[in-house]
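As structure tokens, the structure follows; a few thoughts come after it.
The values are calculated or read from the model by the stated rules, or taken from the named source; none is laboratory data. Fair warning: this is a prediction, and the values are worked out from it, not measured in the lab. Backbone-built Cβ (ideal geometry, glycine too); neighbour counts: all protein chains shown.
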Amino acid sequence: MYAGKARAYTNIALIKYWGKKDEQLILPMNNSLSLTLDAFYTETCVEFDETLTEDQFFLDGTIQESKQTKKITAFLDLVRQRHQIELFAKVDSQNFVPTAAGLASSASGLAALAGACNQALHLNLTDTELSRLARRGSGSACRSIFGGFAEWQKGTSDQTSFAKAIDADGWEDELAMLFVLVDDGVKDISSRDGMRRTVETSSFYSGWLDSIETDLTAAKQAIAEKDFVKLGEVTEANSLRMHGTTLGAVPPFTYWSPESLKVMQLVREIRKNRLPCYFTMDAGPNVKILVEKKHLATLKHSLAEHFSSEQLISASAGPGIKLLPVEGSEKS
Ligand code: DP6
């Protein structure tokens with residue numbers, strides 16, 4: 001048996017990854033830039049075991065159906081094929097999220113699995129190699145190898161597409177992200193399906209691609225200059241533009257719920273009262289608000305009239321991936 005374990009933290013993109021150039025290799029259409037957060041993480045243990053007759057995936061202690069296991073098995077197949085291993089594996093993942101409100105992320109999950117495989121099979125991968133491997137599980141996972149800010153450079157091949165840490169001189173520690181968990185009345189469209197439909201059918205998609213370079217440059221400049229307003233403005237605009245592309249898809253769709261719109265409006269109002277804060281959203285109705293730590297308590301207070309404390313979850317910048325000791329590791 002070969003066993004390994006790792007913990008990876010989730011990341012939220014400020015400049016979004018939205019669309020693939022190569023579905024098989026998970027090469028993105030555009031660079032993206034994210035902040036890794038401390039409040040949500042996944043710990044995954046993998047055991048390649050000669051006694052297994054198929055892969056098994058346990059999430060928070062419960063064995064998962066084949067639908068949920070698909071991404072995991074596809075990833076394990078890649079690892080097995082690359083490293084000439086024929087053993088099936090048991091994957092045991094724990095999601096550490098403050099509530100059970102659908103915040104589990106494929107970024108932390110697949111990054112942790114890549115780290116666990118690295119340890120189990122003694123691959124000794126560098127962070128860049130690990131980022132490339134995690135990318136094959138889920139695109140956004142390649143950014144969760146690193147703490148703080150990271151940029152996923154789209155590259156042109158499996159070799160050249162990976163994330164890199166962005167040195168912000170510790171500025172990330174002055175920032176916070178407040179998650180506003182809203183009700184989800186709409187049927188889920190996964191980010192994978194949503195971005196595919198958008199790339200294939202949305203007449204707005206080319207506009208999205210045209211804007212990326214400018215947004216990315218602005219975001220990187222804002223980080224270099226520690227300019228919060230500039231970073232916030234480009235974060236919010238980029239997210240709105242990404243979500244705009246879904247309205248031009250055939251058939252059109254949106255991840256926004258009425259509650260998401262309410263949060264966006266509240267953020268705009270709070271901003272008018274001179275508290276700089278900016279929203280961003282991913283493939284679901286929850287809204288994340290970027291704010292400086294010094295204003296977090298005031299922001300929470302302003303939102304507390306409208307949302308319960310369970311709906312408001314704050315996070316700070318988080319660390320990169322960590323390898324963990326495997327319980328009973330003498331077996332490995
Ligand atoms: C909207 O990384 O979940 O959160 O590569 O198909 O697994 P796959 O997609 P995934 O997409 C994340 C999309 C996003 C934006 C982002 O995180 O950059």
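Some points to look at:
- Meets criteria (at negative phi, surrounded by fewer than 18 Cβ atoms within 10 Å (Cβ to Cβ) and out of contact with any Asp or Glu (no Cβ under 6 Å at 6 or more places or on another chain)) for A304: yes
- Residue match in the range 8-27 (condition: away from the ligand (no atom under 12 Å from the Cβ), buried (at least 18 other Cβ atoms within 10 Å of the Cβ) and under 17 Å from the mean Cα position of the chain (by Cα)): yes
- Every listed requirement among (1) touching a residue at least 24 places away in the same chain (Cβ under 8 Å); (2) under 26 Å from E174 (Cα atoms); (3) surrounded by 15 or more Cβ atoms within 10 Å (Cβ to Cβ); (4) of a type outside the set (F, W, Y) is met by A249 save one, (2).
- Residue count, the range 197-233 (criterion: within 20 Å of the chain's Cα centre (by Cα), under 26 Å from P258 (Cβ atoms) and within 16 Å of the ligand (Cβ to nearest atom)): 3
- Helices (runs of 4 or more DSSP H) enclosed by the range 59-178 - at least 2 residues per element that are farther than 30 Å from I212 by Cα: 66-82, 106-120
- Residues in the range 159-185 that are touching a helix residue (DSSP H, G or I) at 6+ places or on another chain (Cβ under 7 Å) and charged (D, E, K, R) were compared, and the one that is farthest from the ligand (Cβ to nearest atom) is E174.
- For the range 243-262, filtering for residues that are in contact with a helix residue (DSSP H, G or I) (Cβ under 9 Å, 6 or more places away or on another chain) and assigned to a helix (DSSP H, G or I) leaves 3.
- Here R274 fulfils each of the conditions (1) surrounded by 13 or more Cβ atoms within 10 Å (Cβ to Cβ); (2) part of a loop (DSSP other than H, G, I, E, B) apart from (1).
- Within the range 306-329, being assigned to a loop (DSSP other than H, G, I, E, B) and within 17 Å of A165 (Cα to Cα) holds for G318, P319, G320, I321.
- Residues that are in contact (Cβ under 8 Å) with a residue 24 or more places away in the chain and part of a helix (DSSP H, G or I) within the range 203-223 comprise Y205, G207, W208, L209, S211, I212, D215, L216, A219, K220, I223, listed in sequence order.
- Some residue of the range 88-102 being under 29 Å from P285 (Cβ atoms), small (G, A, S) and free of Cβ contacts under 8 Å to residues at least 40 places away in the same chain: yes
- Tally, over the range 28-40, of residues that are in a loop (DSSP other than H, G, I, E, B) and either within 16 Å of I223 (Cβ to Cβ) or within 8 Å of the ligand (Cβ to nearest atom) (or both): 1
- Selected residue (criterion: modelled with the lowest pLDDT) from residues of the range 106-137 that are out of contact with any helix residue (DSSP H, G or I) (no Cβ under 6 Å at 6 or more places or on another chain), more than 21 Å from Q84 (Cβ to Cβ) and within 16 Å of the ligand (Cβ to nearest atom): S106
- All of (1) more than 16 Å from the ligand (Cβ to nearest atom); (2) modelled with pLDDT under 95; (3) within 25 Å of the chain's Cα centre (by Cα); (4) in a loop (DSSP other than H, G, I, E, B) hold for G284 with one exception: (1).
- Scanning the range 3-50 for residues that are under 30 Å from V326 (Cβ atoms), at pLDDT 95 or above and of a type in the set (F, W, Y) yields Y9, Y41, F48.
- I145 meets all of the listed conditions (1) touching a residue at least 40 places away in the same chain (Cβ under 8 Å); (2) within 14 Å of the ligand (Cβ to nearest atom); (3) out of contact with any helix residue (DSSP H, G or I) (no Cβ under 9 Å at 6 or more places or on another chain) but one, namely (3).
- The residue of the range 158-177 that is nearest to C277 (Cα to Cα), among those that are of a type in the set (S, T, N, Q) and surrounded by fewer than 20 Cβ atoms within 10 Å (Cβ to Cβ), is T160.
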